[in-house]
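Note sheet for the following structure.
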Amino acid sequence: MLHRSIAAAVAAGGTGAWFTPSATAAVEPVPAASGRPGRRYLIRNAAVLSMDAAVGDFPLADILVDGAKIAAVGPKLAAGDATVVDARGRIAIPGFIDTHHHQFETALRSFLADGLLANDGKPHGAVNYFDYILGKFARVYRPQDVQISELFGSLSQLDAGVTTVLDISQIHHSPEHSEAALAGLRAAGRRSVFGYFEGHGDKSRYPDDARRLRKQHFASDDQLVTMFMGGEIYLPGYEKAWQIGRELGLPIAAHIVGTLGMSDTFDKLAAAGRFGPDNLFIHMTGISDAGWKAVKDAGAGVSIAFPIEAVMRHGMPPILKAQAMGIEPSLSVDVECTMTADFFTQMRSAMMLQRALVNEMAIAGKTDLPALLTARDVLRFATIQGAKDLKLDRRTGSLTAGKEADIVLLDAQAINVAPLNHVPGAIVSLMERSNVDTVIVAGRIRKWRGRLLDVDLPRLRANLEASRDFLFKDAGVERDLFRR
Ligand SMILES: [Zn+2]
């Protein structure tokens, strides 16, 4: 009887409709000249996750964009003369912010999926990042190789809703290489922080050329591309880089991998009171309690690369330590030679790893436990905390009137997401880049209804492949598609 009633209900639902080809939906035209002064459009009826406690969340609300900025967020805004963008079935969030990415390596994607960071004398280290990526490939880069990898990597992350990056370009072999890195970032039209790090060879002008770059390209701090100084404490002469960075008013970023022997220098700098709110420390694996305390006291930022640190043996991603210190981390993509640069992977990895650690403590009988990370927590790491760590939170990181319009619309009606029952949960636990419907940077629409705008992808890909061919040949590395 039960079976018969189910069959009847299914029949009443109209099984035929499941197989009816849907008419090709007409794509609305993209609002013209978006991002230009005076151009207004209204994103209507999205589920809005603002990431700003003062703004709040809305099951259904509108976002008015005026030129480069968000003019208003709230339900039932008056459209006036603005073009209306129908966002029903979509979630609006601030664009994701990646606080550590080596985009010059885009041409080397997937090469080191199985590799470690270094040959650390322990098992498994034969194929590693230092020997292959920095020791072989990075040395042969020409300026044009830097430029195409920077551009392609930027566009790929834009397509995935990552509207801001700190690009750590350790490829400044000459001032021409620096110009190429900057040209690639700028051509993408994305919000980027140009991280001026070291280069290789006798034509490298790092760190002194920071003065020219600052003056020539970053005279004002309100541009789409801003600048950070690189100050790796494992390199001889890092003190000079820190001094130039502070002289020029540039924030200073550095990789801190205590497990590779950097903890003594870090402790020394901590004891000398050298840290400030202008520092961003990446990884922070294997660092002493005194080092962490100095970071907290200085108000410095911490960027954690959850998947990379776990896969490449940097050490356990230090999320529990950060939580214990009351430090919110931002998220690091790091290297696409080993791991994807999309932010759904970042957020899921953070949540999975932290919960594995805490759940194991609970199973072991401990009761005084850190809070479990939630979907909203990792979304905060991925947006507003990234903006804070890049000194851009007055301009981006949340959907707040007065900030620049870095907005992502996510498709909550897609087959892998519907029905929508919890907004942060749907984003973090279900979504991937195919759900990134529309991407807006400083008011300018860069991706519209699933398609990246103003990009000749076949031509760019051909340039990237030609660059890749050169890099493998000149580095003397075989491109073996099925290497074991
Ligand atoms: Zn890195």
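Quick note: the coordinates plus some simple rules give every number you see, no bench work behind them. If you're wondering where the values come from, they're calculated on a predicted model, not measured in any experiment. So basically every Cβ, Gly included, is an ideal-geometry build from the backbone, and we count neighbours across all protein chains shown.
Listing for the model above:
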{"item": "Cβ-based net charge around Leu64, under 13 Å, with every Lys or Arg adding one and every Asp or Glu removing one", "result": "+3"}
{"item": "CD proxy at 222 nm, helix term only [per DSSP H run n ≥ 4: -39500 (n - 2.57); per residue of the chain; nearest 500]", "result": "-9500 deg cm²/dmol"}
{"item": "Pairwise FRET efficiency - Asp86 versus Val127, Cβ, R0 = 56 Å, nearest 0.05", "result": "0.65"}
{"item": "All lysines inside 26 Å of Lys122 as judged from Cα atoms, apart from same-chain residues fewer than 8 positions distant", "result": "Lys136, Lys321"}
{"item": "Where labels lie 7 Å past Cα in the beta-carbon direction, separation of Lys203 and Lys296 in nm", "result": "4.8 nm"}
{"item": "For segment 106-167 and segment 254-289, distance of Cα centres in Å", "result": "23 Å"}
{"item": "Distance between segment 409-429 and segment 335-401 - C-alpha centres, whole angstrom", "result": "18 Å"}
{"item": "Length added when fully stretched, Gln216-Ala72, from 0.36 nm per residue minus Cα-Cα", "result": "48.3 nm"}
{"item": "Spacing of the two label points (7 Å from each Cα toward its C-beta) at Glu176 and Ala356, in nm", "result": "4.6 nm"}
{"item": "Stretch gain in nm, segment Lys268-Gln223, where the contour uses 0.36 nm per residue and the Cα spacing is subtracted", "result": "12.6 nm"}
{"item": "Loop-located trypsin sites (Lys or Arg not before Pro) in segment 203-234 whose Cβ has at most 12 other Cβ within 10 Å (DSSP)", "result": "Lys203"}
{"item": "Computed FRET value (nearest 0.05) for Asp289 with Ala26, which takes r as the C-beta separation and R₀ as 45 Å", "result": "0.15"}
{"item": "Ile415 paired with Leu460, simple spin-label distance in nm, labels 7 Å along Cα-to-beta-carbon", "result": "2.7 nm"}
{"item": "Segment 73-135: trypsin sites (Lys or Arg not before Pro) falling in loop per DSSP and having at most 10 other Cβ within 10 Å", "result": "Lys76"}
{"item": "Packing rank of 337-345, 121-129, where each peptide gets the mean count of other beta carbons within 10 Å, highest leading", "result": "337-345, 121-129"}
